[in-house]
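Contents: one structure, followed by commentary.
Taken together, the values in this text are just the output of simple stated rules run on the coordinates, not laboratory data. Quick caveat, the model's predicted, so the values are computed rather than measured. Glycine also receives a Cβ, built like all others from the backbone with ideal geometry; neighbour counts cover every protein chain displayed.
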Amino acid sequence: MTDVKTLREFPREIKILISAFVFVLTIGVTIGVIYVGYNTDYTPSGTQTYYAGDSVTPEFEIPDQYPRSFEALLLTTHTHVTAFAIIFLIMGVLMFFTDSLPGPWKLILMIEPMASTLVTFGSFFAIRYIHGSFSYLTMVSGILMYASYYVTAIIIFRESISSH
C-alpha cells in the first residue's frame, strides 16, 4: 500500500472540493444536532419523553408529547441509518487517506460511527417499547457517533486545506 497518496498529496482542485463537502456536511450534521436538542433538551428524560411520550395519570389529561408510533420509528430509523451509512462511508474513505493518526485510531474513527448509528437508532425502539432508561444508551451512542464525526471532519478538513 505504499503507492497510496495521502489527502495532502491530492490535486488542489480535489482538496478544495473535499474541503467544501466536509464544511457543508458539517453544517448539515450540526443542524441535526441542534434539532435533537430542540426535541430532547439533550437530557435522558427529554429523550425518553420524545420517543415514549409523556405519562398521563389524571383522567382526561392530554399529554404534551404522544409516544412515537411504530411506523414513525421505522421511518426515522430507515432514513437516518441509510443516510448516516452513506455519510460515514464517504467520511471513512476520506479518513483512510489522512496521515494524522496511527492506524488503529484511524480505523476506530472509520468504523465506530457505523456501530453507534445502529445502537443510537435501534435504541429508540427500546425506549418506546422496553424501558425509558434506554435513553442513556441513546445519548452515549449518539455522543460517540457525533464526536467521531466531528473529529474525523476536523482531521479531513485540516489535511485538505494544507499543502504537502
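Any residue that is over 24 Å from residue 138 (Cβ atoms) and among the basic types (Lys, Arg) - is there at least one of those in the stretch 60-68? Scanning the stretch 60-68 turns up no residue that is over 24 Å from residue 138 (Cβ atoms) and among the basic types (Lys, Arg).
Applying a threshold of 6 Å to beta carbon distances and a minimum spacing of six or more residues, or different chains, the list of pairs starting in the stretch 89-107 at a residue that is within 18 Å of residue 145 (Cβ to Cβ) and touching a residue at least 40 places away in the same chain (Cβ under 8 Å) and ending at one that is hydroxyl-bearing (Ser, Thr, Tyr) and not in a helix (DSSP H, G or I) is empty. In the stretch 87-130, the residue that is surrounded by the fewest Cβ atoms within 10 Å (Cβ to Cβ) out of those that are touching a helix residue (DSSP H, G or I) at 6+ places or on another chain (Cβ under 8 Å) and not in a helix (DSSP H, G or I) is 99.
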